[in-house]
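Student: The structure follows.
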Amino acid sequence: MRKKIVAGNWKMNKNLQDGIELAKQVNQQVLGNNVTVILCTPFIHLSEVSKVISKDSLFLGAENCASEASGAYTGEVSAEMIKSTGATHVIIGHSERRAYYNEDNKTLNKKVKLALENELTPIFCCGEVLAERESGKHISVVKQQIEEGIFDLSPEQFSKVVIAYEPVWAIGTGVVASPEQAQEMHKVIRHLITEKYGKDAAGNTSILYGGSCKPSNAKELFDKPDVDGGLIGGASLNADDFMGIVNAF
């Protein structure tokens, strides 16, 4: 039985004090929920947010990690450092990292492996831009991202990965992929997993939708058979909105 997951991606928002307060508000509302709820915060928030959440019901994640284990990489934060804060998850390959920082599939593959080596659950992101969708290349683009990013993992390693499909044209734009479009790609991804790792692995892999998901449309998206939750951006910055999405299950 694959997990239902809602992960908040705060991006570069909230100063430390406001982030702690937001985490406290979510923590108060999330107790007893049957959904795996994750707060993915800026690096500087991790250790402090870790102190104010109930770790049996609310999990902590980072928004990125370095592609090297340690060394002379000024400004970078390693997977080991992230793990030491109490975090359990890390977002890898978000479209903004790919677009703004030129992170390619080879680099992301290294990050996934470092996360796994440090017992962090990677939330591996994939998705197409608008031009790729309009030209009919969206499936081949996502296929390549997944094959090059995570399909060289062993079955045991792969079993620890969460996948997030994010149509880039629907992130922060207010445009949402229709539930049918989301389901189509989630089904494609699950089929790719079946071909590579088998039916059981595909049935146990959580695939999240990311892209302007909010309380008003979450239930319709989550009702689709291959959509197992959401990677939430803007709506995760307000506790009531975020929990409205969590409660859509």
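The values are calculated or read from the model by the stated rules, or taken from the named source; none is laboratory data. None of the values given here were measured: they were computed from a predicted structure. A quick note on method: Cβ atoms are made from the backbone with ideal geometry, for glycine too, and the neighbour counts reach across all protein chains shown.
Student: Taking only region 109-127 into account, find how many residues are of a type in the set (A, V, I, L, M) and within 18 Å of LYS11 (Cβ to Cβ).
Tutor: Selection size over region 109-127: 1.
Student: Which residue is modelled with the lowest pLDDT, if the candidates are limited to region 5-31 and must be within 18 Å of ASP241 (Cα to Cα) and assigned to a loop (DSSP other than H, G, I, E, B)?
Tutor: Selected residue: LEU31.
Student: Condition first: surrounded by fewer than 20 Cβ atoms within 10 Å (Cβ to Cβ) and either farther than 17 Å from ASN238 by Cα or more than 19 Å from the chain's Cα centre (by Cα) (or both). Now tell me which residues in region 36-52 satisfy that.
Tutor: PHE43, ILE44, SER47, GLU48, SER50, LYS51, VAL52
Student: Hey, can you tell me all the residues within region 50-67 that are farther than 15 Å from MET81 by Cβ and either aromatic (Phe, Trp, Tyr) or not in a loop (DSSP other than H, G, I, E, B) (or both)?
Tutor: LEU58, PHE59
Student: Tell me, please, whether a residue that is at pLDDT 95 or above, within 25 Å of ASN105 (Cβ to Cβ), within 15 Å of the chain's Cα centre (by Cα) and among the polar types (S, T, N, Q) can be found in region 203-222.
Tutor: Among the residues of region 203-222, at least one is at pLDDT 95 or above, within 25 Å of ASN105 (Cβ to Cβ), within 15 Å of the chain's Cα centre (by Cα) and among the polar types (S, T, N, Q), which makes the answer yes.
Student: Please determine, by comparing only the residues of region 91-119 that are within 15 Å of GLU68 (Cα to Cα) and among the aliphatic types (A, V, I, L, M), which one is surrounded by the most Cβ atoms within 10 Å (Cβ to Cβ).
Tutor: ILE92
Student: Which of the residues belonging to region 185-200 are surrounded by 16 or more Cβ atoms within 10 Å (Cβ to Cβ) and farther than 16 Å from CYS125 by Cα?
Tutor: LYS196, TYR197
Student: Suppose we keep only residues that are hydroxyl-bearing (Ser, Thr, Tyr) and touching an Asp or Glu at 6+ places or on another chain (Cβ under 8 Å) within region 181-240. Which one would you say is nearest to GLU166 (Cα to Cα)?
Tutor: Checked region 181-240; the qualifying residue nearest to GLU166 (Cα to Cα) is TYR209.
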